[in-house]
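Reviewing the structure listed below.
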Amino acid sequence: MPISTRLTTTLQIRVPIIQGGMQWIGLSPLAAAVSNAGGLGILTALTQPSPAHLASEIAATRALTPHPFGVNITLLPALNPPDYIAYAQTIIDAGVRIVETAGNSPGPVIKLLKEAGCVVIHKCTTIRHARAAVKLGVDFLSIDGFECAGHVGESDITNFILLGRARQVFGDTPFVASGGFADGEGLAAALALGAEGINMGTRFMCTIEAPIHTNVKRAIVEAGEGDTELVLRSFRNTTRLYGNRVARQAVGIEREKGKDVVFEDVRELVSGVRGRRVFESGDVEEGVWTAGQVIGLIHDIPSCAELVARIEREAEEAVGRVEALISKGEDKEGRGKKVGDNVNNPQAEVWAIGKSKL
Ligand SMILES: Cc1cc2nc3c(=O)[nH]c(=O)nc-3n(C[C@H](O)[C@H](O)[C@H](O)COP(=O)(O)O)c2cc1C
């Protein structure tokens, strides 16, 4: 039976699974495969060298799928930032109605997208950023825990806490759980924690349709959950990467130089050009590349159709297993009572002062 949530009904998708934006990977073959599988595929705008190239990639995706797909716009600090507004306008003009935004100062881009009637999903690593995004009028928050691949933020809060906080704080704004998801048990857990679905990056990177060298996918299959590194922490731009020699070397320099480290010390090691070459050459040690702790849960390279169908099936089974654990009647120890009954502590209303945290 299909899992129906606010995400599936709003985006008109069958399964509450999003493939998050991925630099150099979020291209038409992957996005279309995810959408054809019933999830939401997403193109990555800045993988395209210009807005005109993005328009062509959107057209290429349309030729591959009749289903909805989205585009990611990532706003990162840069000396010469790309023309984000032009990319956003291209998305609007091309008739794409779902946009994933991420990064700093997204206000002007979100305003433009909302005025054009787009559904905006904004990625946040803290509740503070999520509150700001809600004020900007986003439709969904994508709550990215510390486990996630890429920019993890500086707060180091994992999804068990972050998703729980999102549930407590954002009554009306729906949210998606992102970071650390690879299977149906994860999807079931995310739904139980109050999310409307999951967003996955690393897991989709390791599928047949992901347009990268097979060696990278093999490296993910062989890696364990401890095989990532947090790089660029000294610059408050912490990024979770696959733990190869280059990433470890960059971290080593940051540790050794301490507060005296300057970006020049690691620039060559963390170069995006070198990282992109990894995906083409398959030499996983050539540069740094992004991956999340979830690599520990990934053991195969399926098609997107197989993966999405499997996650859907596993989620249903997981929910069934949990349901079977719940005894319907009230037992002798009063375990059937609601928490709000305060059976053991009539003074419990003093706890309500904690509401100020909301
Ligand atoms: C190779 C790779 C590149 C990524 N590039 C981007 C990006 O350009 N913009 C963005 O918002 N998120 C990017 N992400 C993050 C994903 O969209 C997603 O939030 C993240 O992977 C979720 O964590 P997970 O890998 O544990 O599923 C990237 C992730 C990976 C694995």
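The values are calculated or read from the model by the stated rules, or taken from the named source; none is laboratory data. Given the structure is predicted, the values throughout are model-derived calculations rather than measurements. Reconstructed Cβ throughout: ideal geometry from the backbone, glycine too, with neighbour counts over all protein chains shown.
Side notes on the structure shown:
- Restricting the stretch 131-159 to residues that are within 14 Å of the ligand (Cβ to nearest atom) and assigned to a helix (DSSP H, G or I) leaves a set whose member that is nearest to the chain's Cα centre (by Cα) is 159.
- Hits in the stretch 60-96 (condition: away from the ligand (no atom under 16 Å from the Cβ) and either touching a residue at least 60 places away in the same chain (Cβ under 8 Å) or out of contact with any helix residue (DSSP H, G or I) (no Cβ under 9 Å at 6 or more places or on another chain) (or both)): 79, 80
- Complete set of residues in the stretch 183-206 that are near the ligand (Cβ under 7 Å from one of its atoms) and of a type outside the set (S, T, N, Q): 200, 201, 203, 205
- Residues that are in contact with a helix residue (DSSP H, G or I) (Cβ under 7 Å, 6 or more places away or on another chain) and more than 16 Å from residue 214 (Cα to Cα), drawn from the stretch 239-286: 241, 253, 254, 257, 261, 263, 265, 266, 269, 270
- Every residue from the stretch 12-24 that is crowded, with 23+ Cβ neighbours inside 10 Å and within 16 Å of the ligand (Cβ to nearest atom): 15, 16, 17, 18, 19, 20, 21, 22
- All of (1) among the hydrophobic types (A, V, I, L, M, F, W, C); (2) crowded, with 17+ Cβ neighbours inside 10 Å; (3) in contact with a helix residue (DSSP H, G or I) (Cβ under 6 Å, 6 or more places away or on another chain); (4) over 30 Å from residue 318 (Cα atoms) hold for residue 133 with one exception: (3).
- Within the stretch 276-303, the set of residues being crowded, with 21+ Cβ neighbours inside 10 Å and either part of a helix (DSSP H, G or I) or modelled with pLDDT under 95 (or both) comprises 278, 279, 293, 294, 295.
- Only one of 37, 78 that is surrounded by fewer than 18 Cβ atoms within 10 Å (Cβ to Cβ) and among the hydrophobic types (A, V, I, L, M, F, W, C): 78
Table: residues versus (1) assigned to a strand (DSSP E or B); (2) in contact with a His (Cβ under 9 Å, 6 or more places away or on another chain).
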residue	(1), (2)
221	no, yes
226	no, no
241	yes, no
246	no, no
269	no, no
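- Residue in the stretch 193-202 that is surrounded by 21 or more Cβ atoms within 10 Å (Cβ to Cβ) and over 19 Å from the mean Cα position of the chain (by Cα) present: no
- Of all residues in the stretch 25-50 being of a type in the set (Val, Ile, Thr) and within 16 Å of the chain's Cα centre (by Cα), the one that is farthest from the ligand (Cβ to nearest atom): 34
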